[in-house]
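Participant: Mind looking over this structure? Questions follow.
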Amino acid sequence: MAGPRTFYVTTPIYYVNDLPHIGHTYTTVVADALARFHRLAGDDVYFLTGTDEHGQKIERAAKARGISPKELADEVVENYRKLWPALAISNDDFIRTTEERHRRGVEALFARIRERTPDAIYKGKYVGWYCTGCESFYPENQVVDGKCPEQGHPVERVEEESWFFRLSAFADRLLELYDSHPEFVLPETRRNEVRSFVAGGLRDLSISRSRSKVSWGLPFPGDPDHVVYVWFDALTNYVSALGFGDPEGAPLYEKYWREAPDATVLHLVGKDILRFHAVYWPAFLMAAGLPLPTTIFGHGWWLRDESKMSKTRGNVARPGPLLEDFGADALRWFLLREIPLGHDGNYSDEAVLDRTNSDLANNIGNLFSRVVALVAKGEKGTVPAVEPLYDDELGEATREVRERYRAGFESCDPAAALRALTDHADALNRYLVRQEPWRRKGREEHCSRVLRTVVGELAHLALRLHPAMPGAAATFWQALGLGEDPATEIAAGKDLLAVDDWAVGGNSVQGPLKVFPRLDKKKVLGEAIAADGGGGRDAAAGRPAKPGKEAGAKKKADAAPDEDEGAGIITIDEFFRVKLRTAKVLKAEPHPNADKLLRLEIDLGDEKRQLVAGIAKAYRPEDLVGRTIVVVANLKPAKLRGLVSEGMLLAATGPDGVPHLLMPDGDVPPGSPVS
Ligand code: ME8
């Protein structure tokens, strides 16, 4: 008998040269939501993520730190291993390409290609460019001004003996694949790009690096002078993690690495790495005579102020502080709901807050707590065991949102699925307004039936929230007296989305519920607003506060009473309480957790200090080193996004809001008094 449909979903394996950021978080959250949705729908799901640990990029990053590549990988991988559970990521496995099972898989794939297509791999000489940032080879005509065409990273000239994969021989089969299986590359616009890339002609692909140039990689099977090209190595993770190449047998591989109709293999990747997945990977598999994945989905990019996030610009959003500010559920909801998968979007903390307040606090959270309170009050906490009462509008809305929800997730459009859920909540709110279950006098039975109906609908809603917000879904599930967690209902082959009525009559509700309190912008984003120049904590951010309410209030409390105080006049003594000193900038770098802040190390003459300053938008760190600035030396230290600032630098704010640092005219040693 045929078992349930299998659904194998993967994220890219992330490089270990950098800590996880919002982009990695995004792909992994989307993959997790899809995995959770398919589990609800009764599919047999396997969800893989992991880390990409070989190659020149990692080798160089480790060298710069003075540690071995493996030490670097071991250190960084811990961040992923800690982050994913904090975000409720339900991966079944986590693969590291430095694991033995992965090496076996790569060797097995080579062996299989050599056996099935003996002329697919041959030795030659590579002459061209290499981009360590993308770990990619670029021919002469694609390199512009010494930069790679994809990301603008610097490229290096490479001329070395190399093993090649005869990619050119697969162009026709790839084109046929894209045409006969339009779902192979999604969204459609990306498919067109990939198709034209292949139709433009494919060159054979170098799949090795000379060990004399790059030593951190898997030995090239049969040639110890070379290591396997990191993308060949990395792509193989999708099968090595399933046990491909294991001499003891690979039941997971047999089960999940199959083709349609009863199996789906979905590789979710950012659009930056689509070519590797939609061109190279299927060609390797074709050469090996192995099944192909069902879909490569190339999602869009999160940007900051319409441009790329980058470490050098210091504008990378990291998940740690966001988890602290918003929690896993709200962050997941935002990432899934804010932009349709496939589109680019602008990231800002403020957008997360607005989305949380509008969808979760004001709508879904409020509805659950309101209904629980109505049952607690009107029905003494027990959901009445009576016949539901659907009016036409609710009946129609319910059917429609459920269909949209399922279709959204099935077509890799979680944003549409989630919109169906807020629409469901809207429909229930409207139903409550129409039916007025709080007007009980003389219509008790009516009110009981209305509440029974709404609680039944909330059970559907709580269940459907599980892929996006597993934590909140469990809380809601418990509040409706349905059990611990909708996840406990999940079983392969059982479609929970097809359950028509959750039979909530007789359940005890648990309240009061306050799952998503409304977030106060100032409280939550205070620091971010400060770094924008909005006064308040600006002073602690290392630059003068604009005259703002808080700054004014503080001065008032500290200053001696004076008749001129109302006009903002201070005495010379009061002025001298502020110790202004010159300081030399020894080091400057982006703040790890805030895109508007820089971390500076300064020399104050007799001591060194750390400053955190909101000047990242105006100054590049490298331009500050060696400059002499003016700082307030006796300011109480303050913590800014996790870093202590021991003072404040002075800057004039231009009409455009941009800070201009104050610097002494002429040479003065660090620590000189300023008055
Ligand atoms: O490319 N917006 O690893 P990587 C959205 N090791 N997603 C983003 C993003 C952004 N601003 N930045 C990164 C690699 N991502 C290879 C993959 S797979 C066999 C090998 C996400 O650490 C997105 O999924 O550079 C992108 O594809 C991935 O992180 C790149 O991660």
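Participant: Over 24 Å between Cα atoms: which of Lys608/Lys636; Lys308/Lys639; Lys147/Lys271; Lys380/Lys514; Lys57/Lys271 fall into that group?
Facilitator: On the way: Lys608/Lys636 16 Å; Lys308/Lys639 27 Å; Lys147/Lys271 19 Å; Lys380/Lys514 19 Å; Lys57/Lys271 20 Å.
Violating the 24 Å Cα-Cα cut-off are Lys308/Lys639.
Participant: Now a separate question. So, for the chain, what is the accessible surface per residue at a probe of 1.4 Å, expressed in square angstrom?
Facilitator: Per-residue value: 43 Å².
Participant: Right, next: Could you order the peptides 359-370, 228-239, 376-387 from most to least packed, using the average number of other C-beta atoms within 10 Å per residue?
Facilitator: In descending order of packing, they fall as 228-239, 359-370, 376-387.
Participant: If you don't mind, there's one more thing I want to ask. Round to a whole number: what % of the accessible area of region 320-498 belongs to carbon and sulfur, probe 1.4 Å?
Facilitator: Here carbon and sulfur together make up 48 percent of the probe-accessible area.
Participant: Let me ask something else about it. Compare the peptides 495-501, 254-260, 644-650 by average per-residue count of other Cβ atoms within 10 angstrom and give them in order, highest first.
Facilitator: 644-650, 254-260, 495-501
Participant: Something else about it: Out of the total accessible area of region 191-301 (probe 1.4 Å, heavy atoms of protein only), what percent is carbon and sulfur? Could you put the intermediate results ahead of the total?
Facilitator: On the way: 1930 of 3600 Å².
With neighbouring chains kept in place, the figure for region 191-301 is 54 percent.
Participant: What does the C-alpha gyration tensor say about the overall shape of region 6-308? Classify as rounded when a/c is under 1.5, otherwise prolate if a/b is larger than b/c, or oblate.
Facilitator: rounded
Participant: Could you tell me what percent of the accessible area of region 573-674 is made up of carbon and sulfur, with a 1.4 Å probe and every protein chain present?
Facilitator: 52 percent
Participant: Rounded to the nearest 20 Debye, what is the dipole magnitude of the chain about its Cα centre when Lys and Arg each give +1 and Asp and Glu each give -1 at the C-beta?
Facilitator: Using Cβ point charges on Lys, Arg, Asp and Glu, the chain gives about 920 debye.
Participant: Show me, bin by bin at 5 Å from 0, the whole-percent P(r) of region 573-674 based on Cα pairs.
Facilitator: 3, 13, 24, 26, 21, 10, 3, 0
Participant: Per DSSP H run of at least 4 residues, take -39500 (n - 2.57); add these up for the chain, divide by its residues and hand me the 222 nm value, nearest 500 deg cm²/dmol. It would help to have the intermediate numbers written out before the result.
Facilitator: Details: 21 runs with 253 residues, N = 675.
Using -39500 (n - 2.57) per qualifying helix, the result is -11500 deg cm²/dmol.
Participant: Going highest first, how would you order 113-121, 321-329 by mean Cβ packing within 10 Å?
Facilitator: Numbers: 113-121: 15.6, 321-329: 18.8.
Most protected by this proxy first, the peptides run 321-329, 113-121.
The values are calculated or read from the model by the stated rules, or taken from the named source; none is laboratory data. Since this is a predicted model, take the numbers as computed values, not measurements. Methodologically, a virtual Cβ is constructed for each residue, glycine included, from the backbone with ideal geometry; neighbour enumeration extends over all protein chains shown. Please note that ligands, DNA and RNA were not included when accessible areas were found on the heavy atoms of the full protein model with its side chains. Shrake-Rupley method; radii C 1.70, N 1.55, O 1.52, S 1.80 Å.
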